[in-house]
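Notes for the one structure printed next.
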Amino acid sequence: MTTARRRSYGVKGAPYAFLLPATILFALFFALPIGYAVWLSLHKVQVKGLGLGSGARSEVWAGFENYADALTDSELLDGALRVLGYGAIVVPVMLGLALVFALMLDSDKVRLAPFTRLAIFLPYAIPGVVAALLWGFLYLPDVSPFYFVLETLGLPQPDLLDGGGLYAALSNIAVWGGTGFNMIVIYTSLQAIPVEVYEAAELDGATPLQIALRIKIPMVAPSLVLTFFFSIIATLQVFSEPTTLKPLTNSVSTTWSPLMKVHRDAFGEGDIYSAAAGAVIIAVATLVLSFGFLRAANSRQKQEAAR
């Protein structure tokens with residue numbers, strides 16, 4: 001083999017060599033666990049007799065039995081409904097605040113913009129468990145300074161760890177922690193808009209509000225779609241907030257969200273097969289909802305572009 005041919009093979013193989021480490025990590029820590037979860041979801045444990053002694057318990061093929069049990073499980077369905085209610089509060093409030101903050105920071109009249117950006121983004125850097133613990137103690141009437149102020153002023157003291165207040169409490173934690181990230185995404189998109197567009201609008205007599213509503217928001221629509229996509233995924237996978245608040249209130253059960261039920265089945269009851277089926281169902285539901293939203297958003301953008 002000539003030197004030129006060896007060099008040619010080396011150049012052609014270079015991309016695959018660079019991709020190899022990432023491919024190995026993807027296979028070991030992503031594809032393999034997913035495949036193992038699917039395999040577990042299609043099996044179950046068969047107990048013979050009293051289940052004592054060697055060979056009394058064996059793993060057998062179950063087909064879609066675990067999926068049928070999961071889809072007819074009232075605890076999983078109730079948890080899904082609670083998550084939908086939770087998401088109906090979190091997603092619009094969080095994205096609305098992120099958009100408003102991004103528009104405010106993009107204004108020429110804002111002062112201390114770098115400090116303000118950091119202050120809004122900082123809660124995102126705090127781990128979810130730490131944030132839930134922080135807010136959880138602020139929700140407790142015995143230790144919360146908010147309840148002390150309300151009691152001093154003679155104002156009503158709502159119970160945020162029970163009933164409908166629990167949704168507001170959990171949503172507040174998510175909004176507080178996620179608004180900063182979404183704000184940065186939208187703000188970065190605003191910074192990419194050419195200044196000439198704003199100058200032309202000002203020459204036409206557009207007010208700052210009109211520029212924001214008719215120019216800025218439509219031009220950052222892809223970023224809004226992206227943040228909405230991430231928010232849907234995070235909402236469907238809510239776990240740390242209710243799990244952290246559970247020791248503080250009896251209103252949060254071990255099956256408050258679908259992921260909490262999966263965790264209880266796997267580590268509380270030791271039924272990893274049913275837990276795997278539930279996890280696969282959650283993953284498929286997340287994929288379907290996310291893909292459906294992206295298809296709808298892309299279709300709408302194409303229709304608007306064709307007009």
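Residue pairs whose Cβ atoms lie under 6 Å apart, sitting 6 or more positions apart in sequence or on different chains, and linking a residue in the range 178-199 that is over 18 Å from I233 (Cα atoms) to a partner that is open to solvent by 40 Å² or more (accessible area, probe 1.4 Å), are I184/F121; I193/M219.
The C-beta contact set for the range 77-90 (first residue within 13 Å of P242 (Cβ to Cβ) and in contact (Cβ under 8 Å) with a residue 60 or more places away in the chain, second residue open to solvent by 70 Å² or more (accessible area, probe 1.4 Å) and not in a helix (DSSP H, G or I), distance under 6 angstrom, 6+ apart or interchain) is empty. The test for being open to solvent by 70 Å² or more (accessible area, probe 1.4 Å) and not in a loop (DSSP other than H, G, I, E, B) does not hold for W135. Only a single criterion out of (1) assigned to a helix (DSSP H, G or I); (2) touching a Phe, Trp or Tyr at 6+ places or on another chain (Cβ under 7 Å) is not satisfied by V238, namely (1).
Is the range 92-103 home to any residue that is open to solvent by less than 40 Å² (accessible area, probe 1.4 Å) and modelled with pLDDT under 90? For the range 92-103, residues open to solvent by less than 40 Å² (accessible area, probe 1.4 Å) and modelled with pLDDT under 90: absent. Evaluated against (1) within 27 Å of the chain's Cα centre (by Cα); (2) among the small types (G, A, S); (3) under 29 Å from S251 (Cβ atoms), A119 falls short on exactly one condition, (3).
To keep it simple, each residue is scored yes or no on (1) touching a residue at least 24 places away in the same chain (Cβ under 8 Å); (2) under 27 Å from Y67 (Cβ atoms); (3) crowded, with 19+ Cβ neighbours inside 10 Å.
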| residue | (1), (2), (3) |
| --- | --- |
| V220 | yes, no, yes |
| S231 | yes, no, yes |
| T244 | yes, no, yes |
| W256 | yes, yes, yes |
| L289 | yes, yes, no |
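The values are calculated or read from the model by the stated rules, or taken from the named source; none is laboratory data. Fair warning: this is a prediction, and the values are worked out from it, not measured in the lab. Because the Cβ atoms are built from the backbone with ideal geometry, glycine has one as well, and the counts that use them run over all protein chains shown. Side chains are part of the model used for accessible areas, which takes the heavy atoms of the whole protein and leaves out ligands, DNA and RNA. Shrake-Rupley method; radii C 1.70, N 1.55, O 1.52, S 1.80 Å.
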